[in-house]
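Beneath this line is the structure, given in structure tokens, with notes to follow.
The values are calculated or read from the model by the stated rules, or taken from the named source; none is laboratory data. These numbers come from a predicted model, not from an experiment. Because the Cβ atoms are built from the backbone with ideal geometry, glycine has one as well, and the counts that use them run over all protein chains shown. What goes into the accessible areas is simple: the full protein's heavy atoms, side chains included, and nothing from ligands, DNA or RNA. Shrake-Rupley method; radii C 1.70, N 1.55, O 1.52, S 1.80 Å.
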Amino acid sequence: MRKFKLALFVALATLITISFSSCKKTEHFRYDISDSIEYMVTPSYYNIGNIMQHKTEFKKLEKSQFRNLTKLQENNNTTIWLRINFEVPDMLKSRQMGLYIAQLNTADLMFFNNTPLRMYGSFSPNFVPSGFQAQFFMLPITLVKQNGKNTILLQLSTESKVSLTEPIFLGEQNDVYRCADSTTFFNSRINLIFTAIMAVIFIVFFAFWIQLRKYDESKMFLTFSLLLLYSIHYFVPFYISEISWLKPTWVSYLTTIKFFFGFGAFTTIYFANSFIIHYLNYKESRKIIIIRLILWAIPTATLFFLTDLNLIIKVAPFISLFCVVQFVFSIPKLFRAFKDPSKKTNAIMLLIAFIPVAIGVVLDFVIRFVFNNYSTPYFTNYGWLLTVIIFLLYLLKRFGYMYKHNNELKEQLVDFNTHLEDIVALRTKEISEANFILSRGLETISHVQKNFLPPKTSVLRGWEIAISYKALDHDVSGDLYDYYYTDKTLDGLGIFDVSGHGIPAGLMTILAKGIISQHFINGVANSESMEDVLREINKSYIKEKVDVENYITGLLFRFSDFNSKDVCSIEVANAGHPYPIIYSKAEHKAYDLKYEGDKEQFGVIGIEDYEVTFPPASCRMSAGDVLVCFTDGITEALNMEREDFGRERLLKIISENYGLSAVDLRDKIIEELTIFMGTTEITDDITLVVLKRTPSKEFIEEL
């Protein structure tokens, strides 16, 4: 980066030095006549004869007036004449002489001792100014009065702003020609070289855009190529006066200025801002794009509607403000990019690349508006060319890195393909070993779960029990069910759902099973309510699971003995689990069994430092009644239309099939669930517990 900055500084300093020294004084004698200029404003129809009749009316032209001779006019229908009277200095007597004027940016015709010599540009009706070239006039020795007064007359067109630029001197013809040719080269012709360079770079960037237009980064290449295209467009007036075949005879100078200087400048500024935004990887909203297009369209349209060149010169600074506002949408993004690590490198590069053009703008302002020196070239043009070259070099460096990186990837790919078979064999072996270990672990956990859970069907005094239990992952479930009985008398029932799936959830069910069983047995022995039992289960589970992040929802039932009418009372505490469903044969309806008191009910098992309350619900069940408990894997099961099975379908199935045995009712529910899901896979463990009341006095214990 240090070498890059040094090279940039040297290149810019060299251009500035060459430009300032292009017409420096040499050993040749030069007679400065800038203090001897007089002027006269005449009607536009005046010719040399009229001037000779009014030669006493010429006035002294002060150097402070050089910058804008147009102000000397009283109206637009006049012509400005300049007169220079001189006597040949001794150092130039009997030598071939010439007149040098650094710049006179209008059409002008020179008379020497009343003889017309040379015209720069052309007068109306096809007005064309002299452009950015220096002017030199060779004074034939036969017309020069070696002793006595010589007179130079310059007729100036006033169709555009007229300014006179120093130095203005008489000298030997070869010195005058060399100085004028050098000045013209650095002020005008060199811009043709700049244009040719930018045209090549434009082709490079446009080609990059064509190749990369499918990618987001392509917008950067497109906007920069268009920026170069309209920069070329803007540069044309700087050298058009030097190339005769570039001057279209059917286009007026006013149209040329509008199309090239105005439209070219405004469009270049538009795409400069677009490039900055895309280079920093920012996106423009449609609203911002429209606003920026309006800011471009207003000055462009205004320029094309104006029909007077002098009016355009006056209005230009004001309509250019619309273009300056364009930078409101890009410069803040540049500063924001410095705070973004992903964009900071691009922001630094952008800032460095625009240093030459920024220096050029400052130099042009200081030289022309502070020191009133208009003989130097436009350094902004030089700076812009350097900026373009910097971006080209950076782009080539970037592509060089990409090419190197691609080659490295290619070599790695070849090496990978060479050893692909060995790698695949090794990875296959590792995966097989891992799968074997995992399958053994899954089999072990599944085996433990199957052996610690009670049978899926059972007949106890006054009860038929039927359970469906299906795991999501390899027969290892996070669901847990258990029922407790003494001498074929049902004491309690539990159904729980551990958060998560697979091995982690399966392991936690093993831990939870022991804790729940122990606390239920102790709670029944001590006549504790199911709410208190669940509270103790919650405390023990939090303590035993240590740092495992999971929780449990569940139901815990306690069943009373049968009374003389063969009615059994049920108490159930709910820890955030789906409500159990009771079908009452006497009432001919199915309903949710839930707590309906004033006490608040909330909380699940296993969340530390979280207050829970599990107030129990209760009901009475007679022979023929049904109790159904389930995990949310059933009600949240989806079909092909992404509808869930839901509680309403479950309630309907129970109401329509309550007369079936517990086993048949369980199978009916699972059958309807399977039909509903179709080919849709289950997304959660499924557990269904069906208990049906039977006459307790008819129970015959199996032998």
Rounded FRET efficiency, nearest 0.05, which uses the C-beta distance separating Glu62 from His28 and R0 of 25 Å = 0.35
query = Quick one: accessible area per residue over region 524-651, 1.4 Å probe, rounded to a whole number of Å²?
reply = 51
request  = Determine the share of the chain's accessible area contributed by carbon and sulfur atoms, expressed in whole percent, with a 1.4 angstrom probe.
outcome  = 58
request  = Let me have the 222 nm mean residue ellipticity of the chain computed from DSSP H runs of 4+ only, each contributing -39500 (n - 2.57), with the sum over all residues rounded to the nearest 500.
outcome  = -15000 deg cm²/dmol
key: Reachable lysines, given that their alpha-carbon falls under 29 Å from the alpha-carbon of Lys314 and they are not under 8 places away in the same chain   = Lys59, Lys60, Lys63, Lys71, Lys161, Lys247, Lys258
ask   = Where the convex hull is taken over the Cα atoms of the chain, what is its projected area averaged over directions, in nm²?
value = 52.7
note = The Rg/Rh figure for region 478-615, Cα atoms and Kirkwood Rh, to two decimals is 0.98
query = Which helices, counted as full DSSP H runs in the chain, have an axial Cα extent of no less than 24 Å and a Kyte-Doolittle average of 1.0 or above?
reply = 2-20, 190-212, 218-239, 286-305, 309-325, 502-525
message = How far apart, in nanometres, would the label points at Tyr610 and Asn75 be if each is projected 7 angstrom from Cα along the Cα-to-Cβ direction?
response = 9.5
query = Roughly what percent of Cα-Cα pairs across region 224-381 reach past 24 Å?
reply = 43
